[in-house]
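Here the structure comes first, spelled out in structure tokens, and everything after it is commentary.
The values are calculated or read from the model by the stated rules, or taken from the named source; none is laboratory data. Since the model is a prediction, treat every value here as computed from it, not as a measurement. Glycine gets a Cβ as well: all are built from the backbone with ideal geometry, and neighbour counts include every protein chain shown.
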Amino acid sequence: MGELKLGYSPVVLSYMPSSGVEKAWETLSSLKPSAVCRNGNVSLDQAGGHYRARSFCTEFSIDPRGKTIKSLDGTGEDLVQRYGYFFIHSCLWYLIHAKDIPFSGRLVKPANIQGGELFFRGSHTLPLENLSKKYAEDASSFLQKGRDLCAEVDTHGDASVRLFPLPRIPVTLILWLKDEEFPARADLLFDSTAGIHLPLDMLWSLAMLSILVML
């Protein structure tokens, strides 16, 4: 059973196969730190030997030697404890797979990423209906919640925000408000480069994370 050690108390990752976590740590440890920093747009703490990566408003320390991830100021502890299933694996494999490429600026639905049409269905259907119901008549609260997560306010739909669960993978959430003819609707879009940085299962995890933190 894997264990994530926070700055305060350990969080046991009983839901995550230890082999997967151990493989990720092992792979990350074998990589050249300068390449990891450049590719993932993260930094390295030379003294501590750990990476520093930002997720939403929080900076995290990822220590391959100690195999620990912790929030540097404590504000991300809730994120890790409540949503670690979606965050931890994605963070580690992002550091391994990310590429040093700019955003394309072209937004795509998850289903339009290669292989996504089959993957993002059934048990992997995103709970966007929950998001649209919560903010069906309240665009201002939707935007404020995004700002609280250090999102950029965008111009799509009736309201939209661009979240950054990881530096090179922005997630755009778009809200159409309820009106007399149509119910409220929400969409989630990735930059078209997302599939270069992570496989579909990890992108699904980041999409889920982005929706859940907005609820």
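Observations on the model:
- Scope the stretch 17-54; condition in contact (Cβ under 8 Å) with a residue 24 or more places away in the chain and among the hydroxyl-bearing types (Ser, Thr, Tyr); matching residues: 27, 29, 51
- Index of the failed condition, residue 111 passing every other in (1) in contact with a Leu (Cβ under 9 Å, 6 or more places away or on another chain); (2) over 22 Å from residue 39 (Cβ atoms); (3) in a loop (DSSP other than H, G, I, E, B): (3)
- Selected residue (only one of 42, 11, 80 is under 26 Å from residue 195 (Cβ atoms), in contact with a helix residue (DSSP H, G or I) (Cβ under 9 Å, 6 or more places away or on another chain) and at pLDDT below 95): 80
- Here 99, 133, 145 are screened, and the one residue that is modelled with pLDDT of 95 or more, over 25 Å from residue 53 (Cβ atoms) and more than 15 Å from the chain's Cα centre (by Cα) is 133.
- Taking residues in the stretch 143-158 that are over 15 Å from residue 210 (Cα atoms), and partners anywhere that are aromatic (Phe, Trp, Tyr), the pairs with Cβ atoms closer than 8 Å and at least 6 places apart or on different chains are 157/176; 158/176.
- Selection count where residues are surrounded by fewer than 22 Cβ atoms within 10 Å (Cβ to Cβ) and free of Cβ contacts under 8 Å to residues at least 60 places away in the same chain, scope the stretch 175-198: 10
- Beta carbons closer than 9 Å, at least 6 apart along the sequence or on distinct chains, pair a first residue in the stretch 80-106 that is on the phi > 0 side of the Ramachandran plot with a second that is in a loop (DSSP other than H, G, I, E, B) for 105/192.
- Considering only residues in the stretch 164-212 that are β-branched (Val, Ile, Thr) and within 13 Å of the chain's Cα centre (by Cα), the one that is farthest from residue 90 (Cα to Cα) turns out to be 172.
- Among the residues of the stretch 74-94, the one identified as in a loop (DSSP other than H, G, I, E, B) and crowded, with 19+ Cβ neighbours inside 10 Å is 76.
- Search result, residues across the stretch 49-89 that are more than 21 Å from residue 146 (Cβ to Cβ) and within 13 Å of the chain's Cα centre (by Cα): 84, 85, 88, 89
- Residues of the stretch 109-142 that are of a type in the set (A, V, I, L, M) and either touching a helix residue (DSSP H, G or I) at 6+ places or on another chain (Cβ under 8 Å) or loosely packed, with under 14 Cβ neighbours inside 10 Å (or both): 111, 113, 118, 126, 128, 131.
- Taken together, the criteria exclude residue 71 from residues that are surrounded by 21 or more Cβ atoms within 10 Å (Cβ to Cβ) and touching a helix residue (DSSP H, G or I) at 6+ places or on another chain (Cβ under 6 Å).
- Hits in the stretch 33-68 (condition: surrounded by fewer than 17 Cβ atoms within 10 Å (Cβ to Cβ), among the basic types (Lys, Arg) and not in a strand (DSSP E or B)): 38, 65
- Scanning the stretch 146-156 finds one or more residues that are of a type in the set (A, V, I, L, M), touching a helix residue (DSSP H, G or I) at 6+ places or on another chain (Cβ under 9 Å), part of a loop (DSSP other than H, G, I, E, B) and over 19 Å from residue 111 (Cβ atoms).
- Here residue 205 fulfils each of the conditions (1) over 16 Å from residue 124 (Cα atoms); (2) in contact with a helix residue (DSSP H, G or I) (Cβ under 7 Å, 6 or more places away or on another chain); (3) in contact (Cβ under 8 Å) with a residue 60 or more places away in the chain apart from (1).
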